[in-house]
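Here the structure comes first, spelled out in structure tokens, and everything after it is commentary.
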Amino acid sequence: MDPVTVGILSLVALTLFLMSGVRIAFATALCGFCGLWILRGYDPAAALSASTIYGHVTNYNLLVLPLFIMMGYFAFYAGITRDLYWAARQWFGHLPGGLAIATIVGSAGFAAACGASTAAAAVMGRVALPELKKYGYDDKVSTGCVAAGGTMATMIPPSVLMVIYGFVSEESIGALLLAGILPGLLEAVSYSLMLLARFKLNPRLGPPITGITWPDRIRSLKGVWGMLVLVVIIMGSMYSGLATPTEAAGVGAFGALAMAVWRISWRNFRGAMIETARTSSLIFAIVAGVLIYVHFLGFTGMPAAIANRIIHLEVPPMVVLIGILTLYLVLGMFLDGIGMILLTVPIILPTVKHLGIDPIVFGVLVVRMVEIGLITPPVGLNVYVLKGVAKNISMGDIFRGCGWFVFVDIINVGILLAFPQIILLIPHTMIR
């Protein structure tokens, strides 16, 4: 059988597996192994699968994942999330829609300690939703802020998806993490400006907070200065070349523990370690399964065939790029972000490089599209996670609350497409 035909049949089988609810790690591993068995025979397939998993999963660069995840859990169990939100509340609460804006700012702050969007949405939901409810904020606006704010954890470093993309694309993980800073800040600022405008036009969505004094604002910084210093050290060490991403992640995990040591109980410390192990195992299982499948696709020649066909289309590279991003928007409605990047980037990236598009720019844009998929139906993971916290609010209302944020997201993607220098400014000036 023609290898390309085998590849196409495997994609059909993989799609059916995923639609039937089979976990992506097992579905990709099974399809990849069976494909290798058909093309190379059983013994080579078994040997290739084992060596592929061991050779890549033991990669030193992937150690950054559990370390950054550990940092996020230490920050959560130490109560740093609540401190960040409270400080944002004191500084922005007096504005129209101040609590909603504080939720976005607090989410951006927590994103700098947590690389997983679903975790950020769940944590901020527990912290912010009771306060928003207390002041009578509209349920759709409240849940939209939390769900959309959580997506910033996939862009603002330390981002798990950026690490995964760097691993697959063989681009500098440090450069990719730094490339997410300005787009992440653009996201936070644009969300806040949108909320400010909405609440100005319709004050009934929620009242501003009164009675906050400057001494209150200054005192609120007491609980966040340590986290801010830690983030600056992590990003600064990568930017200056003093530390690799893995070394910086180690500093971050140790620093978060040092800040938490006076506030964290043995039970919470144990919980942080268990959750780190559980989350890391899940990610590495997906990586292992998808790597087998991607290795099989390499033998089919599909990536090269797809790249060759697209390159010979008589359309501008920008049109092709917009088409690819639209595809990611659709896929993001149905697939997990990690699996989506692992499955698609090895196939699409050769085409992107042939078109002269910077792979770092492409990586940030892909992660941006994954963010949109996290809050759009039918499978917006952040919405489903938030529903577990906001049990009295319907899924429809949460999705409707995310609509304004999706609109702003699409505008942001257009800005990044028009001005890719926003993405490349920090990575291009870093010391390598």
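The values are calculated or read from the model by the stated rules, or taken from the named source; none is laboratory data. Here the structure is a predicted model, which is why all the values come from computation and not from measurement. Don't worry about glycine lacking a Cβ; one is built from the backbone with ideal geometry, like all the others, and counts go over all protein chains shown. Remember, those area values only see protein heavy atoms, side chains included, never the ligands or the DNA or RNA. Shrake-Rupley method; radii C 1.70, N 1.55, O 1.52, S 1.80 Å.
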Sorting check: for 280-291, 144-155, which peptide has the highest mean count of neighbouring beta carbons within 10 Å, and how do the rest follow? 144-155, 280-291
Of all the C-alpha pairs in the chain, what % are more than 31 Å from each other? 40 percent
Taking the chain and counting helices only, DSSP H stretches of n ≥ 4 at -39,500 (n - 2.57) each over all residues, the nearest-500 ellipticity at 222 nm comes to -25500 deg cm²/dmol
Take the solvent-accessible surface of the protein heavy atoms, probe 1.4 Å, and return the percent of it on the chain that carbon and sulfur atoms account for. 70 percent
Could you pull out the GluC sites (Glu not before Pro) across region 247-341 that fall in loop regions by DSSP (anything but H, G, I, E, B) with no more than 10 other Cβ atoms inside 10 Å? GLU314
Gain in span if fully extended, ASP43 to THR429, counting 0.36 nm per residue against the direct Cα distance: 134.1 nm
Given a 1.4 Å probe, how much area per residue of the chain is accessible, in Å²? 43 Å²
Give me the angle, in degrees from 0 to 90, between the Cα long axis of helix 139-151 and the longest principal axis of the Cα atoms of the chain, rounded to the nearest 10. 50 degrees
Cα axis of helix 181-201 to longest principal axis of the chain: angle in degrees, 0 to 90, nearest 10? 50 degrees
GNM top mover of ARG368, ARG204, ARG267 - the chain, alpha-carbon springs below 10 Å: ARG267
Summing +1 for each Lys or Arg and -1 for each Asp or Glu, what net charge is found among the other residues whose Cβ lies under 14 Å from the Cβ of ALA87? +2
State the Cα centre-to-centre distance between region 151-165 and region 358-394 in whole Å. 12 Å
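Can you tell me what percent of all Cα-Cα pairs in region 1-158 are more than 29 Å apart?
44 percent
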Distance from region 272-289 to region 1-36 (C-alpha centre basis), Å: 23 Å
Taking the chain as a Gaussian network, where each spring joins two C-alpha atoms under 10 Å apart, which residue of ALA197, ALA188, ALA122 fluctuates the most? ALA197
How would you classify region 196-235 from its alpha-carbon gyration tensor, with a ≥ b ≥ c the square roots of the eigenvalues: rounded for a/c under 1.5, else prolate if a/b is greater than b/c, otherwise oblate? oblate
Candidates SER51, SER20, SER192: whichever shows maximal mean-square fluctuation once the chain is modelled as a Gaussian network with Cα springs under 10 Å: SER20
With everything on Cα atoms, drop me the angle between helix 117-134 and the longest principal axis of the chain, reported from 0 to 90° to the nearest 10. 20 degrees
